[in-house]
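Encoded as structure tokens, the structure appears first; notes follow it.
The values are calculated or read from the model by the stated rules, or taken from the named source; none is laboratory data. The structure presented is a predicted model; accordingly, all values stated were derived computationally and were not measured. Neighbour counts are summed over all protein chains in view; Cβ atoms, including those assigned to glycine, are modelled from backbone coordinates with ideal geometry. Side chains are part of the model used for accessible areas, which takes the heavy atoms of the whole protein and leaves out ligands, DNA and RNA. Shrake-Rupley method; radii C 1.70, N 1.55, O 1.52, S 1.80 Å.
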Amino acid sequence: MKVMAPLIAEERQPGQFIILQTESEYGERIPLTIADADRKEGSITLIFQVVGKTTAQLAQFEAGDDLPAVVGPLGKPTHIQHYGHVVCTGGGIGIAPLYPIAQALKQAGNRITIILGARSKELIILEEEMQAIADECIICTDDGSYGRHAMVTEPLKEQCEKADKPAMVIAIGPPMMMKACAETTKPYGVFTQVSLNTIMVDGTGMCGGCRVNVGNEVKFVCVDGPEFDGHLVDFDNMIARLHAYSDIEKNKYKCFVEEGWKEKMVSQ
Amino acid sequence: MTTHTSQKNTEDAKKMLVDYLQRVDQLKAKDRTLIPPQEMQLLDPELRSHTLDEVAIGFTADQARIEALRCLQCIKKTCVEDCPVSIDIPGFIHHIATGEFENAASVIRQTSLLPSICGRVCPQETQCQAHCTVGRALKDVDKSVAIGRLERFVADWERINGKVKEPEVKPETGKRVAVVGSGPSGLVVAADCRRQGHHVTIFEAFHKLGGVLRYGIPEFRLPNEIIDREIETLRRMGVEFQTNFVVGRTRKLVDLIEKDHFDAVFVGTGAGLPFFMGIEGENLIGVFSANEYLTRANLMHANETGKADTPMFPSKHVAVLGGGNVAMDAARMALRLGAEKVMVIYRRTENEMPARKEEVRHAKEEGVEFRFLENVKRILGNEKKWVQSVECITCELGEPDASGRRRPIEVPGSNFLINVDTVIVAVGNGSNPLISQTTPDMQVNKRGNIIVDEMQKTSIDRIFAGGDIVLGAATVILAMGEGRRAAAAINKMLADEIQREHAT
Ligand SMILES: Cc1cc2nc3c(=O)[nH]c(=O)nc-3n(C[C@H](O)[C@H](O)[C@H](O)COP(=O)(O)OP(=O)(O)OC[C@H]3O[C@@H](n4cnc5c(N)ncnc54)[C@H](O)[C@@H]3O)c2cc1C
Ligand code: FES
């Protein structure tokens with residue numbers, strides 16, 4: 001989805017995200033990463049998966065509609081420099097935010113290996129774009145419908161075992177996948193940067209709802225992150241916190257879907 | 001169920017007023033101190049602990065006039081000295097006593113911009129009412145003239161009767177002022193700069209305006225309608241608002257000057273960085289900063305299940321850690337959201353609690369439990385990482401510390417558990433680091449507060465700051481006072497510039 005937001009398009013850097021609302025009074029504030037931006041046009045591109053009420057509502061927005069609130073770019077931008085060989089690992093929808101980072105790293109003169117993973121073939125996104133910047137691109141699917149029939153951690157491990165092991169790994173995707181990537185690279189001492197997507201309210205460091213344990217410290221993802229050293233992140237705590245409202249969310253989504261159905265039936 | 005002040009009280013007040021007014025010229029100071037302090041009408045505690053309706057209903061006109069007659073019109077005005085914005089307190093109270101409410105309002109308006117807000121949230125017992133002669137004569141600060149309630153009465157009367165005058169705006173100067181943050185300090189700067197004819201834009205990170213007044217202080221203490229009114233006045237004066245705009249991210253602070261050509265910038269971004277205790281279990285599910293808990297309820301309406309998309313944690317047994325206004329608000333909000341048992345756990349005793357006395361009293365009436373001289377050592381969770389209990393330790397008071405309050409000392413081995421499912425941490429706020437992190441030249445102290453001179457000017461040319469971002473978490477009235485000073489400095493700077501431009 002493309003959103004006209006000229007100021008955000010102008011300022012945003014890889015690694016940053018926005019918070020949006022689909023309703024100004026009663027809507028919730030959800031963070032979404034910025035996949036791409038067009039400064040000339042003044043637009044940003046958001047790629048999201050329908051997982052709950054707000055994303056479902058967002059999917060119903062049509063060209064020309066106004067989003068009541070879009071704020072950003074939030075979070076610290078990715079630190080881009082020449083590292084040498086960088087492995088960029090993206091899982092599912094996490095491939096979207098990975099793309100601008102991989103692009104910037106490529107421009108900074110890094111050799112880029114890209115590993116993309118998803119449950120099945122249709123869920124691999126941005127493959128062409130990634131192929132275009134990658135020195136090497138490996139695709140995996142959980143069900144073997146495309147590329148290697150493997151988890152991303154398998155090729156990641158192989159990369160780490162090579163003589164010229166990567167200077168850095170970036171992993172973005174579902175929390176379990178990032179956790180697995182961090183565990184894979186740890187024995188090899190390869191620095192692994194993950195990008196966390198926690199529950200957020202304000203996105204300016206005011207509420208602490210987005211906090212995670214990193215090493216021995218408590219960090220706020222919205223201002224200190226979203227990127228952290230994957231070897232220090234307490235993923236178990238983070239994953240548990242992500243599920244704090246699962247039941248409520250599920251219920252809300254169910255109501256929303258059912259109501260949507262009702263409306264459709266009425267209009268027919 | 002009835003409200004606290006019954007019909008009879010209202011009639012009594014009327015009779016009493018007629019009586020006093022008949023002999024007003026003969027009333028000696030002694031007689032005035034004998035006039036009974038008026039009780040403000042409140043919603044019934046049982047009723048109100050389930051709604052967000054405002055708890056304090058306020059004085060009736062008769063009550064206000066009786067209360068105003070208690071004022072001795074002292075020559076040495078200690079109350080004015082203790083007011084951060086030096087409102088002519090005896091002056092406005094005199095007008096109330098004579099029933100000239102509109103005049104009372106104009107006296108307040110000379111120095112204070114948001115009286116209906118200050119009358120509700122100022123800590124009067126440590127400011128204007130602290131050294132009131134009447135209170136001292138009666139040896140009880142609670143018996144001081146109820147200055148705050150009188151201020152509130154006048155401001156409400158003015159609003160309800162449509163007497164609020166929109167401040168006059170001078171002809172456009174062509175100068176542009178950016179205000180970052182829409183809390184009380186920012187609102188005051190906007191009004192004062194706009195009055196001088198400068199163009200003013202307020203940038204606010206949230207989708208709603210008002211700062212802590214909106215997302216922190218709950219409706220039952222400060223109805224949104226009052227904040228909306230104040231903002232509407234600014235809008236009518238021609239102030240522009242840019243919501244969903246995080247200065248430092250959407251635009252760098254200095255870019256407001258360099259790219260967007262603002263002539264002056266005021267930073268009033270507040271103390272939005274919640275402190276945690278740093279104890280075990282603080283990241284369990286069910287542990288919240290008071291900021292998060294209150295923001296979900298106040299700003300995102302999470303209490304309105306079914307309507308709001310932002311979820312609220314279903315709390316039954318709640319421990320609130322801390323003893324300030326924020327803790328009181330969180331505790332009382334938890335009750336209103338359906339908690340069965342809410343405990344405020346505080347390391348010292350009631351005497352040392354920084355919260356407004358009135359809020360503590362209201363919280364108690366509503367059924368909030370207070371556990372004094374106890375400190376939480378860690379939070380325990382179940383296998384799903386949800387809060388299950390807190391481990392507390394008993395404290396004793398020792399020698400006074402740097403703040404002058406007696407230091408709590410833990411009694412070894414006195415640990416015990418309390419079962420709770422929710423813990424709300426309300427142990428203070430630090431200053432939000434976003435601006436300083438993204439503005440390399442901005443000088444801050446080691447607490448992260450922006451350093452300003454006596455004119456509220458920061459280390460960067462044309463940039464001023466005030467409110468909690470300078471003071472650390474403080475009060476609405478202090479934030480307003482700083483805003484006033486900053487606006488005066490900005491207005492002077494711009495006036496000088498205009499004069500120079502004309503000269504050349
Ligand atoms: C729950 C609670 C209860 C309180 N009760 C009382 C009370 O009873 N009496 C009393 O006197 N005081 C009370 N206080 C304190 C009082 O509210 C504050 O001292 C006062 O609001 C500070 O005003 P401010 O203008 O400095 O900033 P704030 O009110 O904090 O407002 C700052 C605003 O700036 C915005 N902002 C922050 N960063 C940015 C950015 N980078 N770009 C754009 N916008 C930004 C924020 O979203 C916010 O809207 C209470 C505070 C809390 C939290
Ligand atoms: S989302 Fe509130 S502090 Fe990060």
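Overview of results
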| quantity | calculated |
| --- | --- |
| Inter-chain Cβ neighbour average for residues A:4-12, partner chain, 10 Å | 2 |
| Electrostatic dipole magnitude of the stretch B:7-160 [Cβ: Lys, Arg +1; Asp, Glu -1; Cα centre; debye, to 20] | 520 |
| Accessible area buried between chains A and B, both sides summed, probe 1.4 Å, in Å² to nearest 100 | 3800 |
| Scattering profile of the stretch A:197-246 at q = 0.19, 0.29, 0.32, 0.33 Å⁻¹ [log10 I(q)/I(0), Debye over alpha-carbon scatterers] | -0.55, -1.20, -1.34, -1.38 |
| Dipole in debye (nearest 20) - the protein assembly as shown, about Cα centre, beta carbon charges: Lys, Arg +1; Asp, Glu -1 | 1440 |
| Qualifying GluC sites (Glu not before Pro) for the stretch B:371-471 [loop in DSSP, other Cβ within 10 Å: at most 11] | B:383, B:454 |
| Peptide B:206-218 - average C-beta neighbours from other chains (10 Å radius) | 2 |
| Inter-label distance, nm, simple model (7 Å from Cα along the C-beta direction), residue A:128/residue B:409 | 7.6 |
| Förster radius 41 Å - calculated FRET efficiency between residue B:261 and residue B:350 (Cβ-Cβ, nearest 0.05) | 0.15 |
| Per-residue mean of C-beta atoms belonging to partner chains within 10 Å, peptide A:24-31 | 5 |
| Where Rh is the Kirkwood radius over Cα pairs, Rg/Rh for the stretch B:7-160 | 0.95 |
| For the stretch B:243-297: accessible area per residue (Å², 1.4 Å) | 26 |
| Distance between modelled label sites at residue B:340 and residue B:488, nm, 7 Å Cα→Cβ extension | 5.6 |
| DSSP loop trypsin sites (Lys or Arg not before Pro) with at most 16 other Cβ within 10 Å excluded, longest remaining stretch of chain A | A:163-268 |
| Label-to-label distance, nm, for residues given as residue B:237 and residue B:441 (7 Å Cα→Cβ offset) | 2.9 |
| Protein accessible area in chain B, 1.4 Å probe - carbon and sulfur % | 51 |
| Dipole magnitude of chain B, debye to nearest 20 (Cβ charges: Lys/Arg +1, Asp/Glu -1, about Cα centre) | 420 |
| Tensor-based shape of chain B (alpha-carbon gyration tensor, a/c under 1.5 rounded, otherwise prolate or oblate) | oblate |
| Helix-derived mean residue ellipticity, 222 nm - over chain A, DSSP H n ≥ 4, -39500 (n - 2.57), to 500 | -9500 deg cm²/dmol |
| Rounded Å value of the spacing that divides the Cα centres of the stretch B:130-209 and the stretch A:172-189 | 53 |
| Mean Cα-pair separation over length for the stretch A:2-74, i.e. relative contact order, pairs under 8 Å, 6 or more apart, % | 43 |
| Rounded Å value of the spacing that divides the Cα centres of the stretch B:327-373 and the stretch A:84-123 | 51 |
| Within chain B, helix-based [θ] at 222 nm, where runs of 4 or more DSSP H residues each add -39,500 (n - 2.57), nearest 500 | -11000 deg cm²/dmol |
| Accessible area expressed per residue, the stretch A:2-74, with surrounding protein chains retained (probe 1.4 Å, Å²) | 42 |
| Chain A: most fluctuating residue of A:68, A:155, A:175 per GNM, C-alpha cutoff 10 Å | A:68 |
| Sites residue A:82 and residue A:248, calculated FRET efficiency, Cβ-Cβ separation with R0 56 Å, nearest 0.05 | 0.75 |
| GNM result for chain A, Cα springs below 10 Å: residue of A:222, A:137, A:181 fluctuating most strongly | A:137 |
| Contour excess over end-to-end distance, with Cα ends at residue B:399 and residue B:103 and 0.36 nm allotted per residue | 101.7 nm |
| Candidate lysines for bridging to residue B:457, where Cα separation is under 30 Å - those fewer than 8 sequence places away on the same chain excluded | A:76, B:170, B:175, B:208, B:252, B:259, B:446, B:492 |
| Mean Cα-pair separation over length for the stretch A:49-123, i.e. relative contact order, pairs under 8 Å, 6 or more apart, % | 31 |
| Radius of gyration and Dmax over the Cα atoms of the stretch B:276-427, both given in Å | 15.3, 51 |
| Amide N of the stretch B:74-110 lying under 16 Å from the label point, which is placed 7 angstrom from the Cα of residue B:165 along Cα→Cβ | B:92, B:100-110 |
| Centre separation in Å (Cα based) which lies between the stretch B:435-504 and the stretch B:245-321 | 23 |
| Orientation-averaged projected area, Cα convex hull of the stretch B:326-411 (nm²) | 6.7 |
| Out-of-range pairs (alpha-carbon distance over 23 Å; input B:139/B:357; A:53/B:316; B:28/B:76) | A:53/B:316 |
| Sorted largest first, extent of the stretch A:2-74 alpha carbons per principal axis (Å) | 30, 25, 22 |
| Compactness of chain A - radius of gyration and Dmax, Cα, Å | 18.7, 65 |
| Candidate residues B:257, A:34: accessible-area rank, largest first, probe 1.4 Å | B:257, A:34 |
| Where trypsin sites (Lys or Arg not before Pro) fall in DSSP loop in the stretch B:199-291, at most 16 other Cβ within 10 Å | B:259 |
| Reachable lysines from residue A:162, criterion Cα separation under 21 angstrom, eight or more residues apart if same chain | A:106, A:186 |
| The protein assembly as shown: Cα Rg divided by the 2.2 N^0.38 Å rule of thumb | 1.05 |
| Loop-resident sites, the stretch B:58-133, for GluC sites (Glu not before Pro), counting at most 14 other Cβ within 10 Å (DSSP) | B:100 |
